[in-house]
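Here's the structure, in structure tokens; my notes come after.
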Ligand code: ADP
Ligand code: MG
């Protein structure tokens, strides 16, 4: 299989969580290819396996069976240390609940991934400051997360996800804790990042958020139910049409 040009290839992946003597089939035989620079949305009801899929794509977890390739590398062939290194270099995560460390300033929060990557202190400070400027928080550097609004916290967590310049951003319900207007602002930021060439994958419950993407994958009970892709009609408008997964 030529896997090089694709960001992700999921090839028949399944994930089973074992809790005592109960097996939970979170994903069943998912196959999905994501191109470099793509903007993909994943929709599905609660419990359908969206976060599990994101965690596997983000190298936070491994499939029980099947293969997940990240830029051509089968993640099951990598050690935990190699996986952590790839994750830190290639992938930025944005979570619904922001996952910022409450005792630290947002500047220190955004410096964290650079600390893990071994970037020297002065450069850490410079790059974190610049990135917080890009997301519109230049005047909030020393604030703690609790001193910021929900939208500002999500901007800080996007800065943390971007600061290592990863080519891939994974966002799990990034607007779930935000009001509509603030959610729109955050989605505008993702659109800008995608226009700059970043690959973006967003999990969402909301149709309007998903429609920012160029392809929508619907999952249910751990399976891909159907896939829609943006279609341009002759009058210049856009609609959505079902395609083969
Ligand atoms: P979603 O993000 O779509 O709500 P999840 O991927 O979180 O769905 O969960 C899919 C299924 O796997 C659910 O039935 C959930 O209870 C189960 N699950 C998720 N994570 C774990 C875990 N760490 N241990 C056991 N079961 C889990
Ligand atoms: Mg989830």
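Quick one: would you say residue 15 is buried (at least 17 other Cβ atoms within 10 Å of the Cβ), under 28 Å from residue 174 (Cβ atoms) and modelled with pLDDT under 95? The answer is no for residue 15. Only one of the numbered conditions (1) under 15 Å from the mean Cα position of the chain (by Cα); (2) in contact (Cβ under 8 Å) with a residue 12 or more places away in the chain is not met by residue 165, and that is (2). Could you check how many residues of the stretch 217-245 are modelled with pLDDT of 90 or more and not in a strand (DSSP E or B)? Total meeting the criteria: 2.
I'm checking my understanding of the structure. Among residues of the stretch 41-52 that are assigned to a helix (DSSP H, G or I) and closer than 20 Å to residue 190 by Cα, which one is nearest to ligand 2 (Cβ to nearest atom)?
The initial filter retains those residues of the stretch 41-52 that are assigned to a helix (DSSP H, G or I), namely 50-52.
Within this subset, residues satisfying the condition of being closer than 20 Å to residue 190 by Cα are 50-51.
Numbers: 50: 5, 51: 3 Å.
That would be 51.
If the condition is being on the phi > 0 side of the Ramachandran plot and touching a strand residue (DSSP E or B) at 6+ places or on another chain (Cβ under 6 Å), then the stretch 45-88 contributes 49, 66.
What number of residues within the stretch 61-96 are under 21 Å from residue 175 (Cβ atoms) and at pLDDT below 90?
Looking only at the stretch 61-96, we keep the residues that are under 21 Å from residue 175 (Cβ atoms), and these are 91-96.
If we keep only those that are at pLDDT below 90 as well, we get 95-96.
Number satisfying all stated conditions: 2.
What residue, among those in the stretch 197-213 that are within 16 Å of ligand 1 (Cβ to nearest atom) and assigned to a loop (DSSP other than H, G, I, E, B), is surrounded by the most Cβ atoms within 10 Å (Cβ to Cβ)? So the residue we want is 204. Among the residues of the stretch 53-98, count how many are within 16 Å of ligand 2 (Cβ to nearest atom), surrounded by 14 or more Cβ atoms within 10 Å (Cβ to Cβ) and assigned to a loop (DSSP other than H, G, I, E, B). Of the residues in the stretch 53-98, 5 are within 16 Å of ligand 2 (Cβ to nearest atom), surrounded by 14 or more Cβ atoms within 10 Å (Cβ to Cβ) and assigned to a loop (DSSP other than H, G, I, E, B).
Only one of the numbered conditions (1) more than 24 Å from residue 71 (Cα to Cα); (2) in contact with a helix residue (DSSP H, G or I) (Cβ under 7 Å, 6 or more places away or on another chain); (3) crowded, with 19+ Cβ neighbours inside 10 Å is violated by residue 157, and that is (2). Restricting attention to the stretch 100-136, the residues that are under 21 Å from the mean Cα position of the chain (by Cα), crowded, with 18+ Cβ neighbours inside 10 Å and in a loop (DSSP other than H, G, I, E, B) add up to 2.
Residue pairs whose Cβ atoms lie under 6 Å apart, separated by 6 or more positions or on different chains, with the first residue in the stretch 169-185 and more than 16 Å from ligand 2 (Cβ to nearest atom) and the second modelled with pLDDT of 90 or more and assigned to a strand (DSSP E or B), are 169/92; 169/200.
The values are calculated or read from the model by the stated rules, or taken from the named source; none is laboratory data. Predicted model, so just to flag it, every value in this text is computed and none were measured. So basically every Cβ, Gly included, is an ideal-geometry build from the backbone, and we count neighbours across all protein chains shown.
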